[in-house]
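Inspection log for the structure reproduced underneath, given as structure tokens.
The values are calculated or read from the model by the stated rules, or taken from the named source; none is laboratory data. Quantities reported herein were computed from a predicted structural model and do not represent experimental measurements. Backbone-built Cβ (ideal geometry, glycine too); neighbour counts: all protein chains shown. Heads up: the accessible areas ignore ligands, DNA and RNA and are worked out on the full protein's heavy atoms, side chains in. Shrake-Rupley method; radii C 1.70, N 1.55, O 1.52, S 1.80 Å.
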Amino acid sequence: MSVRKIIHIDMDAFYASVEQRDNPAYRGKAIAVGGSPEGRGGVVATASYEARKYGVRSAMPSKRALQLCPHIIFVYPRFAAYREVSQQVREIFHRYTDLIEPLSLDEAYLDVTEDKLNIGSAIAIAQQIKQAIREELQLTASAGVSINKFVAKIASDMQKPDGLTFIAPTQVESFMEGLPVEKFFGVGKVTADKMKRMNLHTGADLKKLTENDLVQHFGKTGRFYYRIVRGEDDRPVQPHRETKSVGAEDTFPHDLTTLEEMYPELDKIAQTVANRLQKYELKGRTVTLKIKYSDFRQITRNQSLPQGINDLETIAATAKQLLVKTDPADVKIRLLGITLSNFGEDKPVTGTAQLTLF
């Protein structure tokens, strides 16, 4: 059977590393890119490795990060700068292949089964990409190399930072058998706890169950578990991933209690959404409003329009109509968000060729 050659590249502490590269005062320091801990407090988007030594992690409340690391420096994110660097990284990828599936600004899958430079070795390509990122952008990345997306992604996390891990075709099945269940796709804390109560702790434990057993206990994702623990993951690298939705939201320093306060905030959010839609030349027919109240209760309301829109005025007006319908009197709102979806036809997916040499 022919084997694909897949690389997963994951930039190391991406936002924080860009900030440390661009500002010498941050180098070697514990920094967190994200919201300030003042007031209600923000959230850490990325922490430098110096901060991670103290237990600071992504998605952690900034107040908690400050408790763990009192000397930490909070840096407001510069997404325009991160997007620019991300594009530079992708230009390096394109020297080797056009089969690139970005997952976010800082990670992507590459299919190098056939590469532009006829190098033939996925390991050598990953080494060259890492070297180019280091020399040209003064940043580091970690790489995972294997026969499918699932294993390559796990491998890229095994020797961070600046690591390269290769899981050979003959090693994949034993690798999956030794993998803790919480590392499997779709296994969050609740599912992992359920598995452990069933005495399922590793891939080898999952492998003992039939496909029907796994589906019975875990729904349709059970079919994925059954295949992946045997090293089977045929998902292609998709260079043209369809955009399902475009949105933005904002958490406010103080609760909003009147429409006079809410409308200007919706205008700002609508402007961000409109800019993103226009950048990607998209028009959505469904507007969704997200509201989170001070007690963390959350609701969404949506409205579908007869034709696609991407202009500020219509987006803002529709969001405000949806807000009014929620009867916002005597409420305290901590977050508002707007999302556009329902863009139309799926884009075609580019296929992949298959050879065998790593």
Cα gyration tensor shape for the range 48-183, rounded if a/c is under 1.5, else prolate or oblate: oblate
Prolate/oblate/rounded label for the range 91-160 (Cα gyration tensor, a/c 1.5): rounded
Surface accessible to a 1.4 Å probe, per residue, for the residues of the range 131-195, Å²: 45 Å²
Rg/Rh (Cα only; Kirkwood hydrodynamic radius) as it applies to the range 26-75: 0.91
Per residue value of the accessible surface for the range 39-108 (all protein chains in place, 1.4 Å probe), Å²: 51 Å²
The range 104-259: C-alpha gyration tensor shape, a/c 1.5 cut-off, then a/b vs b/c: oblate
Residue among TYR225, TYR263, TYR15 with the largest mean-square fluctuation in a Gaussian network model of the chain, springs linking Cα atoms under 10 Å: TYR263
Within the range 165-241, GluC sites (Glu not before Pro) in DSSP loop having at most 16 other beta-carbon neighbours inside 10 Å: GLU232
Relative contact order (%) - criterion: Cα under 8 Å, at least six apart; region: the chain: 17 percent
With Cα atoms, 0 to 90° folded angle of helix 259-279 axis to the chain main axis: 40 degrees
Lys/Arg +1, Asp/Glu -1 at C-beta; the range 217-259 dipole; positive extreme among PHE218, ALA248, VAL229: VAL229
Apportionment of accessible area to carbon and sulfur, the range 265-342, percent (1.4 Å): 44 percent
Spread of Cα-to-Cα distances over 20 Å intervals beginning at zero, given as percent, for the chain: 24, 54, 22, 0
Relative contact order (%) - the range 114-216, alpha-carbon pairs under 8 angstrom, separation at least six: 17 percent
Mean accessible surface per residue for the range 202-343, computed with a 1.4 Å probe while every protein chain stays in place, in Å²: 55 Å²
The chain: angle of helix 122-137 to the longest principal axis, Cα-based, in degrees nearest 10: 40 degrees
Helix 79-93 vs. the chain, principal-axis angle (Cα, 0 to 90°, nearest 10): 20 degrees
Carbon plus sulfur fraction of accessible area for the range 4-51, probe 1.4 Å, in percent: 49 percent
